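I have placed the structure first, in the form of structure tokens, so that the comments after it can refer back to it.
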């Protein structure tokens, strides 16, 4: 796939190691030349964001929400269609100036703003109260994964928010987990959390292997399958051997595609629901002396 599509697939920010399984170096170099992708000093690639700062400057506001998440290099389910800007509650902004901008009004404490952009913790908190749950979790997981903020930092900001949206934001923060490797895994974990009887933990070590999600009680492994992680014969062989080993240890492996997780979550949810029913039935048989737990 082309470099821009690959970057979107990776959540809007990625290193070459993350991109090379999806695109080639020539395509990335071309995207850099065209300016549709930019390279940061620390070696990661991202989408350009000059228009986000420009929009905030024109409104005398602060870059916030997903626009601020882009600034901080956070990964997300989908990039913002328009710049997100926060202005003081008393600021009057004509309709013509609001066009093409996602505008929010709030009183931002000085400690929540850094060089015209909401702080990392405030960015996560705002996304948590403004975005759908799965999109907000992607941002929060990414922030925790960066280790630049902790859950305590996020909780402290959330409790200072206006009452509207505060409980919603706290729910996102409590669910967030920095062990999730990317937005694909974050969204899969959100879907799994909606399935009764399933307790999926991210990045679980099983013997010599690490899996994306696992329910230890049900011995159920849930994998977010991406072309990026099967870009060579060696990686493909390693995965096949890993799944075979898990089967010998009586684990069932469910593998889900990016397209289904991101665009057909009901299909994933139904499959997980049926798997839970099957595994619970097997465990009941084993407990009563019937067929062994498989």
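FYI, it's all coordinate maths here, none of it is from the lab. Remember, it's a predicted structure, so these values are computed and weren't measured experimentally. Glycine gets a Cβ as well: all are built from the backbone with ideal geometry, and neighbour counts include every protein chain shown.
List of remarks:
- Exposure proxy shown here: for 146, 226, 232, the number of other Cβ atoms within 10 Å sets the order, fewest to most, as 232, 146, 226.
- With a simple spin-label model that places each label point 7 Å from the Cα along the Cα-to-Cβ direction, the separation between residue 24 and residue 167 comes to 5.5 nm.
- For segment 183-287, diffusion coefficient by Stokes-Einstein and Kirkwood Rh (Cα), 37 °C, 0.692 mPa s, µm²/s: 231
- Modelled label positions at residue 39 and residue 245, each set 7 Å beyond Cα in the direction of Cβ, lie 3.6 nm from each other.
- Modelled FRET efficiency - R0 22 Å, residue 156 with residue 115, Cβ distances, 0.05 increments: 0.60
- C-alpha center-to-center spacing [segment 131-147, segment 152-226] in angstrom: 9
- Ordering 79, 266 by the number of other Cβ atoms within 10 Å of each residue's own Cβ, fewest first, gives 266, 79.
- This ranking places 8, 52 by how few other beta-carbon atoms lie within 10 Å of each, fewest first, which gives 8, 52.
- With the simple spin-label model, which puts each label point 7 Å out from Cα in the Cβ direction, the residue 94 to residue 217 separation comes to 6.1 nm.
- C-alpha long axis of helix 25-34 to longest principal axis of the chain, angle in °: 20
- Sequence-distant contacts, meaning Cα pairs under 8 Å at least 6 residues apart, place the relative contact order of the chain at 13 percent.
- The chain - mean residue ellipticity at 222 nm from DSSP helices (-39,500 (n - 2.57) per run, n ≥ 4, rounded to 500): -14000 deg cm²/dmol
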